[in-house]
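Beneath this line is the structure, given in structure tokens, with notes to follow.
The values are calculated or read from the model by the stated rules, or taken from the named source; none is laboratory data. Since this is a predicted model, take the numbers as computed values, not measurements. As a convention, Cβ positions derive from the backbone with ideal geometry for all residues, glycine included, and neighbour counts pool all protein chains shown.
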Amino acid sequence: MPNSSLRAKTDLSELVRVLTWFDEFTQSSLPETTFMQCQTLLAEGFTNAVRHAHQSKAIDLPIDLELQLSEQQIEMRIWDYGEPFDLLQKVKSLPEKVDTNSTGGRGLKLLEQIADGFSYRRDNQRNCLVMIKQW
């Protein structure tokens with residue numbers, strides 16, 4: 001099972017590097033639709049870590065990303081140093097209908113809708129968002 005990891009800075013400009021790394025790692029191993037969905041999951045997850053988990057934290061505080069690819073699924077993990085929170089409760093508290101005019105608040109709903117598996121855990125003072133996509 002191939003694995004890859006990347007350490008990114010707490011900076012939205014790192015998103016280009018994150019997506020390039022993802023593209024190079026997957027190298028056409030995913031069906032096109034799945035690839036685009038996984039890009040969205042990774043971009044939303046990373047952006048949320050920068051904007052929310054690491055809000056007001058130093059730019060050099062790392063966000064670690066991990067990919068694990070098997071024949072039928074990819075597992076993506078995003079590690080941050082933000083405050084812990086209850087992911088399932090947060091998702092439940094969001095409106096059912098996404099406000100397309102809103103400047104925020106859509107990311108978690110989008111992750112929930114696209115991912116086949118979606119969880120969050122706290123480990124060694126870090127949070128880990130786990131997203132699984134199957135095909």
Q. Residues 94, 67, 111: which one is among the aliphatic types (A, V, I, L, M) and at pLDDT 95 or above?
A. 67
Q: For the stretch 13-31, name all the residues that are exposed (fewer than 12 other Cβ atoms within 10 Å of the Cβ) and under 15 Å from the mean Cα position of the chain (by Cα).
A: 16, 20
Q: Within the stretch 42-75, track down each residue that is assigned to a loop (DSSP other than H, G, I, E, B) and either in contact with a strand residue (DSSP E or B) (Cβ under 7 Å, 6 or more places away or on another chain) or closer than 13 Å to residue 8 by Cα (or both).
A: 54, 58, 59, 60, 61, 62, 72
Q.
Pull out all pairs, ordered by first then second residue, where Cβ-Cβ is under 9 Å, the residues are six or more apart or on different chains, the first lies in the stretch 114-128 and is in contact (Cβ under 8 Å) with a residue 12 or more places away in the chain, and the second is of a type in the set (Ser, Thr, Tyr).
A. 114/40; 125/81; 126/81; 127/81; 127/120; 128/119; 128/120
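Can you tell me how many residues within the stretch 17-38 are within 17 Å of residue 117 (Cβ to Cβ) and assigned to a helix (DSSP H, G or I)?
Qualifying residue count, the stretch 17-38: 3.
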